[in-house]
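Student: The structure is given below, and queries will be raised subsequently.
Coordinate-derived values only; no laboratory data. On a predicted model such as this, the values are computed, not experimentally measured, just so you know. All Cβ positions, glycine included, derive from the backbone under ideal geometry; neighbour counts span all protein chains shown.
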Amino acid sequence: MCGNGNLGVDLSQLIIAPTAAYKVDQQHSIGVSPLIAYQRFKAYRLQPFAVISSDPSNLTNKGYDSAWGFGVRLGWLGKLSDTLSVGAAYSTKIKMGEFDKYRGLFAEHGGFDIPENYNFALLSRRRLR
């Protein structure tokens with residue numbers, strides 16, 4: 001509880017990733033996906049934090065705010081043997097628009113970028129006889 005009610009935040013993220021893939025040869029494939037990101041955020045009853053906010057009038061109780069951003073994901077899949085494949089992918093940082101209604105809550109005056117990330121996988125298949 002905070003003051004006379006519950007405090008909270010609501011963050012939703014959607015990333016649309018249409019993908020194109022190309023089989024380089026029998027053992028290797030590559031792919032690329034443009035990343036189209038959408039975020040929606042609201043915060044409520046965070047008034048006690050106004051004393052440490054860089055912009056207390058844009059901290060809480062502003063309803064939903066939204067932001068769009070773009071990035072790219074690159075991937076590779078390699079077949080090392082009949083039973084073992086390896087995959088790897090890299091996604092760039094997605095630079096998002098700012099949450100102007102909440103620039104007193106987030107660093108960089110409303111920034112909420114999605115960080116870059118790396119993925120790695122080993123895929124093992126058992127041969128059926």
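Student: Which residue out of Asp82, Asp113, Asp65, Asp55 is among the charged types (D, E, K, R), farther than 25 Å from Ser33 by Cα and in contact with a strand residue (DSSP E or B) (Cβ under 9 Å, 6 or more places away or on another chain)? Reasoning before the result, please.
Tutor: Details: Asp82 fails: in contact with a strand residue (DSSP E or B) (Cβ under 9 Å, 6 or more places away or on another chain); Asp113 fails: farther than 25 Å from Ser33 by Cα; Asp55 fails: in contact with a strand residue (DSSP E or B) (Cβ under 9 Å, 6 or more places away or on another chain).
Only one candidate passes the filter, namely Asp65.
Student: Can I ask one more? Do we find that Gly87 is surrounded by 18 or more Cβ atoms within 10 Å (Cβ to Cβ) and touching a Gly at 6+ places or on another chain (Cβ under 9 Å) in this structure?
Tutor: no
Student: Give the residue, chosen from Ser81, Ser54, that is within 25 Å of Asn6 (Cβ to Cβ), more than 19 Å from the chain's Cα centre (by Cα), of a type in the set (S, T, N, Q) and not in a strand (DSSP E or B).
Tutor: Of the residues listed, the single one that is within 25 Å of Asn6 (Cβ to Cβ), more than 19 Å from the chain's Cα centre (by Cα), of a type in the set (S, T, N, Q) and not in a strand (DSSP E or B) is Ser54.
Student: Inspect all residues belonging to the stretch 58-71 and state whether any of them is more than 30 Å from Leu7 (Cα to Cα) and either touching a Pro at 6+ places or on another chain (Cβ under 8 Å) or in contact (Cβ under 8 Å) with a residue 40 or more places away in the chain (or both).
Tutor: Yes, because at least one residue in the stretch 58-71 is more than 30 Å from Leu7 (Cα to Cα) and either touching a Pro at 6+ places or on another chain (Cβ under 8 Å) or in contact (Cβ under 8 Å) with a residue 40 or more places away in the chain (or both).
Student: Which of the following residues is of a type outside the set (A, V, I, L, M) and within 16 Å of Lys101 (Cα to Cα): Lys23, Lys42?
Tutor: Lys42
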